[in-house]
1. Ranked from highest to lowest mean number of other Cβ atoms within 10 Å per residue, what is the order of the peptides 105-118, 186-199, 75-88?
2. Would you work out which of 65, 15, 82 lies farthest towards the positive end of the dipole of the stretch 1-110? Charges go on Cβ: Lys and Arg +1, Asp and Glu -1.
3. Pick from 53, 271, 258: which is most flexible by mean-square fluctuation in a GNM of the chain where alpha carbon atoms under 10 Å apart are linked?
4. Anyone know which of 229, 36, 65 comes out most mobile in the 10 Å Cα GNM of the chain?
5. Which residue, 62, 92, 166, has the most motion in a Gaussian network model of the chain that connects Cα atoms within less than 10 Å?
6. Quick one: P(r) of the stretch 172-315 from all Cα-Cα pairs, 10 Å bins, percents rounded to integers, in order of increasing distance.
7. Just to confirm my numbers, what's the Cα centroid distance between the stretch 33-78 and the stretch 236-315 in Å?
8. Quick one: which residues, 5 or more positions from residue 56 or on another chain, have an amide H under 5 Å from its amide H? H modelled 1.01 Å from N in the peptide plane, none for Pro or chain starts.
Amino acid sequence: MILITENLITQEVISSSEYRVDVLRLDLLHPEVSGNKWFKLKLNLREAEKQEKKTILTFGGAYSNHIAATAVAAAQLGLKSIGVIRGEAQNAQNSTLSKASKQGMQLYFTDRETYKNKNDTSFLVALKEKFGDFYLLPEGGNNNLGILGCKSIVEPFPDYDYLFCACGTGTTFAGMMLSKQKHQVLVGINVLKGKNQLVPEVNQTLRTLHPKTEAEVMGNEALESEWLNQSCITDHYAFSGYAGFDKTLIDFKTNFEKVHHLPLDHVYTTKLFYALLDLLMREKIRKGASVLVVHSGGLQGNEGFEKRYHNKLKR
């Protein structure tokens, strides 16, 4: 079994008479299987070994942190890996997929319409006919084992009043909901635009994994209160959607990193910290509160992102 010592490091970024904000530096866990990716993978990898599977098959986009982490973890376990990639084969030359390929991951590209069928039985049967037997790992590690693996992220930190994390599939948020203390308010910053679908999805997941739970995740309506007092997921900071950005967000990332000496990724943690500071400015966080922000890693994706959007980033 791949071994990563879960030495969880916190870094203080704000300390005043009104707030204390610390960052949980999951990006420092491992040079390649870092951030929340390790927590999503660990129980799935254990289950793959238990089932004596020799191959891991999973899904992701051309710049997916999940794809990169899975390729490395599978290689270290001596397992084969297959990445079903959303997009064109020309993307194989980007830094993320190039690294995954060098780790032995076989890349299988699909157009975006076909990729939408990734959870359909007929599509999965076709993949088994093509590649043979494999352990199926959903996109982003978003299954029950991925969620349960994420429970241990904040278990060692019961004293914080607020917990913040970025959301893509909702896996990390759901795991943290299962382990947070009753007094803790968990705030998820959804990086996807749309109808904030993660809210009903996460609530259904929590009822499935913990039928007796009384926890109910709220949506954007939680921001209408005088201050945040219930766990919620908001998409008010999604900007133009996944991987979406504008000059405001780019300037924020540059300035934040300079001031706090804390590296951010373009897709998740930049929006996360932008949201946090905006909510602090709007006094939506109870004064005197302590806040723990989960840095979910994803820094490997910066190189490919910056090459792809070089011209726009320089405007």
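1. Highest-to-lowest ranking by the protection proxy: 186-199, 75-88, 105-118.
2. Of 65, 15, 82, it is 82.
3. Highest fluctuation of the listed residues: 258.
4. Sorting by GNM fluctuation, first place goes to 229.
5. Among 62, 92, 166, the largest mean-square fluctuation in the Gaussian network model of the chain belongs to 92.
6. Once binned at 10 Å, the Cα pair distances of the stretch 172-315 give 10, 39, 34, 14, 2, 0.
7. When both Cα centres are located, 26 Å separates them.
8. 80, 81, 82, 135
Since every read-out is calculated from the coordinates, none of them should be taken as a lab result. The structure displayed is predicted, hence computed values, not measured ones. Virtual Cβ from ideal backbone geometry, glycine too; neighbours counted across all protein chains shown.
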